[in-house]
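The values are calculated or read from the model by the stated rules, or taken from the named source; none is laboratory data. The structure presented is a predicted model; accordingly, all values stated were derived computationally and were not measured. Here the Cβ is made from the backbone with ideal geometry for all residues, glycine too, and neighbour counts use every protein chain on show. Heavy atoms of the whole protein, side chains included, go into the accessibility calculation; ligands, DNA and RNA do not. Shrake-Rupley method; radii C 1.70, N 1.55, O 1.52, S 1.80 Å.
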Amino acid sequence: MIVKTFVLTAFQQNTRVVSCGETKKAICIDPGEPSAEVAEYIHDTGLDLQAVILTHGHLDHVGGTSFMHEEFPEAEILLHKEEEDLYYALPQQPLAMGMSPHQLRALGMEYDQPPRATRNVEHEEILNVGNLRFEIRHCPGHTLGHIVLAEQNEKVVFTGDCLFSGTIGRTDLPGGDHQRLIGSINKNVMSLDDDFTVMCGHGPDTTVGRERTGNPFLTGLYQPDRG
Ligand SMILES: [Fe+2]
């Protein structure tokens with residue numbers, strides 16, 4: 001498995017192109033904004049882009065979907081059914097986050113309606129990409145239809161905005177629920193072996209073991225309800 005990371009948008013989001021070394025089949029996880037660099041990488045390395053898959057519908061994770069669809073019209077666009085409302089509301093998202101039209105322009109955040117999703121992915125579905133097998137796990141709490149992708153042979157999990165190195169995703173936006181997020185992470189990520197690499201939607205990689213022992217939201221050190 002070859003993972004190429006592009007740090008995109010004012011939110012420093014990790015856009016990934018993940019490919020099978022033997023077959024050159026590839027997926028793009030969370031294209032954050034239109035990026036010629038991402039398209040060039042795929043073309044120059046001769047990858048066959050099978051799908052654009054969205055961990056969730058927030059603007060910094062899906063803002064490049066239209067661009068990718070124009071560049072790679074054969075690639076499927078995949079997301080969880082419960083994430084569709086947020087995804088299709090992309091043009092309205094910045095205002096819903098309290099950002100003024102001025103700020104939006106300064107940050108390059110004005111969005112057209114994104115392309116239709118090709119189909120939905122479901123919990124426990126396997127997405128085959130060449131010799132790679134991505135297990136889709138529904139992981140709500142940051143948003144309603146957030147998914148993570150686990151590759152058992154390579155021992156890598158892509159966690160989007162559920163789990164970061166030393167912290168977890170915010171839960172104050174529509175669809176967010178702190179207890180639900182903790183439950184999702186425990187069920188879908190902490191159930192993996194300690195030596196899984198965790199590739200997050202923002203910031204550095206970590207491992208399941210490191211988060212199990214050191215993440216204050218998971219160890220019980222930080223409990224927001226305790227007062
Ligand atoms: Fe997010």
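So what's the back-of-envelope 222 nm ellipticity for the chain, counting only DSSP H runs of four-plus at -39500 (n - 2.57) apiece and dividing by all residues, rounded to 500?
Value at 222 nm, helices only, nearest 500: -6000 deg cm²/dmol.
What list of ³J(HN,Hα) couplings, whole Hz, do you get for segment 47-60 from phi and the Karplus terms 6.51, -1.76, 1.60, once you set θ to phi - 60° and write x for glycine and proline?
Each residue of segment 47-60 in turn: 6, 9, 6, 8, 7, 9, 10, 10, 5, 6, x, 5, 3, 6 Hz.
What FRET efficiency, computed as 1/(1 + (r/R0)^6) with R0 = 22 Å and r the Cβ-Cβ distance, is obtained for residue 177 and residue 89, rounded to the nearest 0.05? Each step should come with its number before you reach the end.
Numbers: r = 19 Å, r/R0 = 0.85.
My answer for the efficiency is 0.75.
Using a probe radius of 1.4 Å on heavy atoms only, what accessible surface per residue do you get for the chain? Whole Å² is fine.
Working: 10170 Å² over 227 residues.
Per residue, the chain has 45 Å² of solvent-accessible surface.
In the neighborhood of residue 13, defined by Cβ-to-Cβ distances under 11 Å, what is the net charge if each Lys or Arg adds +1 and each Asp or Glu adds -1?
Numbers: positive: 16; negative: 30, 33, 60, 161.
Net charge around residue 13: -3.
Among 130, 12, 223, whose Cα sits farthest toward the positive end of the charge dipole of the chain (+1 at Cβ of Lys/Arg, -1 at Cβ of Asp/Glu, about the Cα centre)?
Going by the Cα projections, it comes out as 223.
Residue 126: net charge of surrounding residues, Cβ under 9 Å, Lys/Arg +1, Asp/Glu -1, itself excluded?
Working: positive: 133; negative: 124, 125, 135.
With Lys, Arg at +1 and Asp, Glu at -1, the net is -2.
Taking the Cβ of residue 115 as the center, what net charge do the other residues with Cβ under 14 Å away carry, scoring Lys and Arg +1 and Asp and Glu -1? Display every interim value, and only then the final one.
Working: positive: 116, 119; negative: 70, 71, 74, 76, 84, 112.
Residues close to residue 115 contribute a combined charge of -4.
Of the accessible area of the chain, with the probe set at 1.4 angstrom, what percent is carbon plus sulfur?
Working: 4910 of 10170 Å².
Here it works out to 48 percent.
Of 178, 192, 202, which is farthest towards the positive pole of segment 165-214's charge dipole, taken about the Cα centre with +1 and -1 on the beta-carbons of Lys, Arg and Asp, Glu respectively?
The residue sitting farthest along the positive end of the dipole is 178.
Show which lysines lie in cross-link reach of residue 187 when reach means a straight Cα distance below 30 angstrom and same-chain residues fewer than eight apart are skipped.
Qualifying lysines at Cα under 30 Å: 4, 25, 81, 155.
Among DSSP beta bridges whose residues both lie in the chain, state the antiparallel percentage, nearest 5.
Details: 28 of 42 bridges.
Antiparallel: roughly 65 percent of the beta bridges in the chain.
Around residue 75, which amide H atoms from residues at least 5 apart in sequence, or from another chain, sit under 5 Å from its own amide H, with H modelled in the peptide plane?
Here nothing satisfies the definition.
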